[in-house]
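The values are calculated or read from the model by the stated rules, or taken from the named source; none is laboratory data. Note that this is a predicted model, so its numbers are computed, not measured. So basically every Cβ, Gly included, is an ideal-geometry build from the backbone, and we count neighbours across all protein chains shown. Each accessible area value is taken on the protein alone, full model and side chains, heavy atoms only, with ligands, DNA and RNA left out. Shrake-Rupley method; radii C 1.70, N 1.55, O 1.52, S 1.80 Å.
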Amino acid sequence: MRGLKVLPSGRPGRGRLYVNLPDGQAVAWYDRQANRISVLADDDREAVLAVLRPYLSGTVSIGPPPVPTAADLRRLALPPDADLAPNRPGETLLAELEHGSAAGTRARHRLRQDLTAQQRMGDAFDALEPDGWRTLHCVPLPGFGHIDHLVIGPAGIFCVRTVPGRRQRAVVGDLLLTVGRAEARPDPRWIRGAAARATALLAAKVTPALAVVDASRLETAPTVRDIRILQPPTATPDLVASPTTLRPPDVEALFAQARDTRTWLPPTAPPRSRPTPAPPGGTSRS
């Protein structure tokens, strides 16, 4: 079969490779994480293997596409404007900086510091994908604004709030977090409330976590036992080494549920219809 083209999809180095006909129709795809080739028609097997051979490594399985799971069907039915998966780390901060809603040099500098911290942690969480983790960024949560990162993996679900340490001493207490001499912030209390709300919406336990980025020193009160404290150098190894509580199908099902904005936002009430005015000398229709 001539004219087959290999086209990547998803994040570089991690997404699928699709094998398409010249008219764009897909005949097969290679899932690099599962190391599996799905071929739509068995007659195309040899041609597909030939065109994909430069991209293959290790032992590769090949066969018809697997039966879609409930998570797959939910993802396929998800409207593009309701999908949170494409969100970048710090998505809302990027928009705020781009459109200039933050007035003043100091306010914009603070936003850039927050953005840099979220991007650094977001990149670290995204790098866990080959280990079976899934991450969402800037998840809307009514009453709380946005969750910076929602991390779902074998060790469970983590609701993460990112705090820039600004190369100063950071102290995490039961209710407040202090960075340097700045005014104490209610981040511990906030993340507990956000995790509790996320637990109710996902019907699964969500662990609160604070990620402190670039602090010169980090101190945590011994009474803070319910919040996971993370730092960039050790955050991902700590999560990977944590005890397993979720199986891969559970991770995918929870990710499919969490990426849907309708999970987090209340349904919009339909507009009320106004009664039809009665014609002169008559009665209105019921």
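Once segment 174-191 is narrowed to residues that are surrounded by 15 or more Cβ atoms within 10 Å (Cβ to Cβ) and in contact (Cβ under 8 Å) with a residue 24 or more places away in the chain, the residue that is farthest from Val151 (Cα to Cα) is Val179. Residues that are within 16 Å of the chain's Cα centre (by Cα), of a type outside the set (S, T, N, Q) and either open to solvent by less than 20 Å² (accessible area, probe 1.4 Å) or more than 26 Å from Pro248 (Cβ to Cβ) (or both) occur at least once in segment 127-135. Among the criteria (1) open to solvent by 80 Å² or more (accessible area, probe 1.4 Å); (2) closer than 29 Å to Ala215 by Cα; (3) at pLDDT 90 or above; (4) not in a loop (DSSP other than H, G, I, E, B), the one Phe158 does not fulfil is (1).
For segment 175-187, the count of residues that are assigned to a strand (DSSP E or B), of a type outside the set (Asp, Glu) and more than 19 Å from Asp214 (Cβ to Cβ) is zero.
Of the residues Ala155, Ala95, Ala124, the single one that is in contact with a Leu (Cβ under 8 Å, 6 or more places away or on another chain) and of a type outside the set (D, E, K, R) is Ala155.
Considering segment 238-279 alone, what residues qualify as being at pLDDT 90 or above and either loosely packed, with under 10 Cβ neighbours inside 10 Å or of a type in the set (Gly, Ala, Ser) (or both)? Before the answer, list the steps.
Step one: list which residues in segment 238-279 are at pLDDT 90 or above, which gives 238-265.
Across segment 238-279, the qualifying residues are Ala241, Ser242, Pro243, Ala253, Ala256, Ala258.
Cβ separations smaller than 6 Å between residues 6+ apart or across chains give no pair from segment 64-86 residues that are without any contact (Cβ under 8 Å) to a residue 60 or more places away in the chain to residues that are part of a loop (DSSP other than H, G, I, E, B) and among the aliphatic types (A, V, I, L, M).
Of all residues in segment 114-126, those satisfying the criterion of being open to solvent by less than 50 Å² (accessible area, probe 1.4 Å) and under 26 Å from Val179 (Cα atoms) are Asp114, Leu115, Ala117, Gln118, Met121, Gly122, Ala124, Phe125.
The number of residues in segment 96-107 that are surrounded by 14 or more Cβ atoms within 10 Å (Cβ to Cβ) and of a type outside the set (Asp, Glu) comes to 2.
For every residue, the table says whether it meets (1) surrounded by fewer than 14 Cβ atoms within 10 Å (Cβ to Cβ); (2) touching a strand residue (DSSP E or B) at 6+ places or on another chain (Cβ under 8 Å); (3) within 30 Å of Pro140 (Cα to Cα); (4) not aromatic (Phe, Trp, Tyr).
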| position | (1), (2), (3), (4) |
| --- | --- |
| Leu4 | no, yes, no, yes |
| Ser57 | yes, no, no, yes |
| Leu78 | no, yes, yes, yes |
| Pro86 | yes, no, yes, yes |
| Leu94 | no, no, yes, yes |
